[in-house]
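Each remark here refers to the structure printed beneath this line.
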Amino acid sequence: MSSFWDKISGGGDHPEQQKKDNDHDEWHEKFRDLLDHGASNKQEAEQERLRLEREAVEKEIAAKEAEEKASIKGKFKGIFTSDAEEAAEHQRLVDAALAKRREAEAAKHREESFSHKIKDVFDGDNEEKERERQRLAEEAKRNQSFGARVRNIFHNEPPAPPPKKDWKDKLNEMAGGGAKSEAKEDHLDKTIDFVQEHVLHKGDQKNESAFEQAKDNQIADALRGVFGQKKDKDGNYLSPSLRTSSSTMGIFWAKPKPVKNIVILGGSYGGLRAAKLLADQLESHPEYRIIVIDRNSHMNHLYVFPRFSILPGHEFKAFIPYTRIFTESQSRHLIIQANVLSMTSYSVTVSRHTPSKSSFTGEIPKDLEMAEGDTKTIPFEYAIYALGASLPDPINVWKPLGHIEEPDAYQLHLKESSTTLSQIDGYEQEGSKSGSIAWLQAAQSRVAKVNSMIVVGGGALGIQIATDAAEVHPQKTITLIHSREHLMPIYDQKVHEEALRSLQKLNVDVNLNERIDMETIRNPTHDENGQQVIKTLSGRTFAADAILLCTGSHPNNRILSRGLGKDVINPANGHVRVLRTLQVTNTMVDTSAPCTDGGPSTLVPTVPFPHIFAIGDVADAFGAIKAGHTAYNQGEVAANNIISLINKGSSAELQQYQPGPPAIKITLGIKHYVYQEGPTVVVGDDGVEDLHVALVWHMLGFTGDIDMHQ
């Protein structure tokens, strides 16, 4: 049976002592395993470090190149530099930057090697002997009975005086060793000392030499690297979150991870759907942040633009703020209002940006801050290009009213689009809701003032403007000119028949198979009544007070083609080439080829831009019609594929996009309409003036009784 002194001093075979011994061994093993694991993975860690270093240099060089390209000097240089030359120069800059880093690391290593000289000066050849002496002294101290220690305390026996410092101790303190340095150690350093002294029995750790403390610092840095502890701007480690368990003492860090951006260019039907879906699926990936970039402070609900440009009283409902896209728990994601200037394969450069309140703080994060008039390059891990297409003049709130552009001059359009997306022909729109409302009100006033108007184009836009104008202003003379035999030719014949019947019922003069001579648009003439005169290629002449060109939409491809190369654009139609996975490619794609099985597809390693997707009206997406619901569905595919790549990397099976059947709804007056979904065509008369716009507000996060003036 153990004695009383054995029990209170920890001797004998008491169960509590056995538990402590087990805990002692368990911690000892865990500590050794951690160090052994770090050593075994040293080579892999070094390879990963070199890869990440090269990737960081790639992004840094790409960002600098993007800023240079945005400058006047860069644009001039780009005229005389081929893509191959740019690629070679990019590689040269990356190699040079890496070589410079290697040289700096070598210099730092040479400087740190000075610590070996310090070891020789302060420890000499008797280092091992001194360490053995300390170990024996500590062992003798431990062997002293508990009773003897208690008697020393109660008999007030004075402690042994501290040893006098000789010249070696003073030099040791000057080099960073000694008791003073020990007192400055943080929790992790003290834990390492505790383990070395009480677990590994390496002797007293209260007055280590500079060399011993340097070795402890190396162990501490290795552990901090394992747990991802960061340094502040002064190079000091940030304090970790410490907690202890009842059975084993441990230190645990909430591993901070660098922010990885998923950039979505364009905040409309497809871009917002992708943003919302990504945010919902990134809860387990807090290191990822979504940044939606749009030149507007709000989403333009384009489907109501034709109606609201004619009928007053509802125009404020067409512009939906970006304030409810993300929930409060998703506040790290944000939407910024900015002009996109350029992009590379890993960054995008913007100017004049402000945050939306979807960030809940209403503030730009520190890494995205910029002064008024400056530019900012934002790096990204993944990007979705959803900038859509230019709008026809009658509903283009970014152009002054009355501006005319030839609808078929694709090359001319590319030339004219050399300015930023917010500056066209000297007209600059601020992208605010109030400015957009004022534009629609001006459009309404223009229609109200004229006695006659010609609508060019028998697509959905032209038909809706002509029928609404005829019903709201029945006293006006309205003419529709269409270049083909059928209205809405890609849809069922019944859609054409119902649209034609409704136009004629509203006294619209419909002229089919008549193509406008664009010279009469570019060089307008007027008759004796002051009306503008236009001619068709067949020789017919028409005159009216106003002419509305409801044709001429072009893909907004300039930023992508300049950033990734002209080969990513299909020259036949100006759309961005994509694979079935909606990843951007620079090789020809058979857009008529069917989806393999409508299911997932393993990522091909040769995909040139596996992290960049294109959706919506800008994408050459296998015959898909250009519509909001199409962009919405493509946004889902792009978002799902990004999540798969984040979770499984290049081995992920990606979803393939399969266009759905034709679907459209066209208003033929305030209440009358026709819609087609697949083979089904339905005609109705229960429409409403604002086209049920509240449903879209609800889709974007608004609930209850909505104040649409916000």
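Coordinate-derived values only; no laboratory data. Being a predicted model, the structure only gives us computed values, none of them experimental. When we count neighbours, we look across all protein chains shown, and the Cβ atoms used for this are built from the backbone with ideal geometry, even at glycine.
In nm, to one decimal, how far is the modelled label at Asn647 from the one at Glu328, with both set 7 Å along Cα→Cβ?
Using points 7 Å along Cα→Cβ, the separation is 2.9 nm.
Using a 10 Å cut-off on Cβ atoms, rank the peptides 459-469, 46-56, 283-293 from the highest mean neighbour count down.
459-469, 283-293, 46-56
For the pairs Lys100/Lys260; Lys317/Lys449; Lys276/Lys671; Lys317/Lys494; Lys626/Lys648, note any where the Cα-Cα span goes beyond 30 Å.
Long pairs (Cα-Cα over 30 Å): Lys276/Lys671; Lys317/Lys494; Lys626/Lys648.
What distance in nm separates the two pseudo spin-label positions at Lys260 and Lys215, each 7 Å out from Cα along the beta-carbon direction?
Here the modelled spin labels are 3.8 nm apart.
Apply the Karplus curve 6.51 cos²θ - 1.76 cosθ + 1.60, θ = phi - 60°, to the phi angles in segment 534-543 and return the couplings in whole Hz, x for Gly and Pro.
10, 10, 9, 5, 7, x, 6, 10, 10, 9
Between Val589 and Gln91, what is 0.36 nm times their sequence separation minus the Cα-Cα distance? Round to one decimal in nm.
176.5 nm
Given the Cα-Cα distance of Glu677 and Glu689 and 0.36 nm per residue of separation, how much length would full extension add, in nm?
Here the segment from Glu677 to Glu689 would lengthen by 2.1 nm.
Please give the peptides 514-526, 328-340 ranked by average Cβ packing (other Cβ atoms within 10 Å per residue), highest first, as a rough proxy for protection.
Top of the packing list down: 328-340, 514-526.
Which order do peptides 579-585, 675-681 fall in by mean Cβ count within 10 Å, highest first?
579-585, 675-681
Going by Cα centres, segment 284-333 and segment 467-521 are how many Å apart?
When both Cα centres are located, 32 Å separates them.
Provide the gained length on full extension for the span Gln504 to Asp567, in nm with one decimal, where the gain is 0.36 nm per separating residue minus the Cα-Cα distance.
18.1 nm
At Lys206 and Arg515, where each label point lies 7 Å from the Cα along Cα→Cβ, what is the point-to-point distance in nanometres?
9.7 nm
To the nearest 0.05, how large is the calculated FRET efficiency for Lys449 and Lys626 if R₀ is 41 Å and r is the Cβ-Cβ distance?
So, using R0 = 41 Å, E works out to roughly 0.80.
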